[in-house]
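Below: one structure, written as structure tokens.
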Amino acid sequence: MKIVQTLQTNVSLPAAHEYHRTEMDVALLGVRIGDLALLAVSGEIFNGYVGPIRQSSPFQTTLLSCVANGYTGYLPTYEAFHDGLGGYEISTTPYSDQACGPFAAACNDLLKALAK
């Protein structure tokens, strides 16, 4: 069993229509310490991602840290994009609502690779 291991990747996520780029690169860093995983994300992700990422994680304990290895903006959940409440984060996010699924999948893939 590996005691300490790290993996890093970038995921390109679709940007909002009004944004000056078509995609945003988000840095993901996974650190495994025994049966604990730390997932560091370069953006500010909404709390709605945390539960599903932890539930699908192969680790006994999974911690998430945001604004790590750079800053790539707010990443609301799909629900937050469409709940009609708006707010600062929704009006300033560089992402489209199509970024939510690929972001969650990239997090899950990184954690699964870290567990091997």
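All of the numbers you see were taken from the coordinates with simple rules; none came from a lab. Keep in mind the model is a prediction, meaning the values are calculated, not measured. With ideal geometry, Cβ positions are generated from the backbone for all residues, glycine too; neighbour counts draw on all protein chains shown.
Couple of notes before you dig in:
Each row is one residue, and each column tells you yes or no for (1) under 23 Å from LEU114 (Cα atoms); (2) touching a Ser or Thr at 6+ places or on another chain (Cβ under 7 Å).
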| site | (1), (2) |
| --- | --- |
| GLU23 | no, yes |
| LEU64 | yes, no |
| ASP83 | no, no |
| GLY87 | no, no |
| PRO102 | yes, no |
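- Within the range 7-28, if we keep just the residues that are in contact (Cβ under 8 Å) with a residue 24 or more places away in the chain and of a type in the set (Val, Ile, Thr), the residue that is nearest to PRO76 (Cα to Cα) turns out to be VAL26.
- Only listed residue being in contact with a strand residue (DSSP E or B) (Cβ under 6 Å, 6 or more places away or on another chain), of a type outside the set (Ser, Thr, Tyr) and surrounded by 14 or more Cβ atoms within 10 Å (Cβ to Cβ), chosen from ALA40, ALA104: ALA40
- Hits in the range 43-73 - residues which are surrounded by fewer than 18 Cβ atoms within 10 Å (Cβ to Cβ), polar (S, T, N, Q) and farther than 15 Å from GLN8 by Cα: ASN47, GLN55, SER56, GLN60, THR61
- Some residue of the range 18-29 being surrounded by 13 or more Cβ atoms within 10 Å (Cβ to Cβ), out of contact with any strand residue (DSSP E or B) (no Cβ under 6 Å at 6 or more places or on another chain) and more than 11 Å from LEU110 (Cα to Cα): yes
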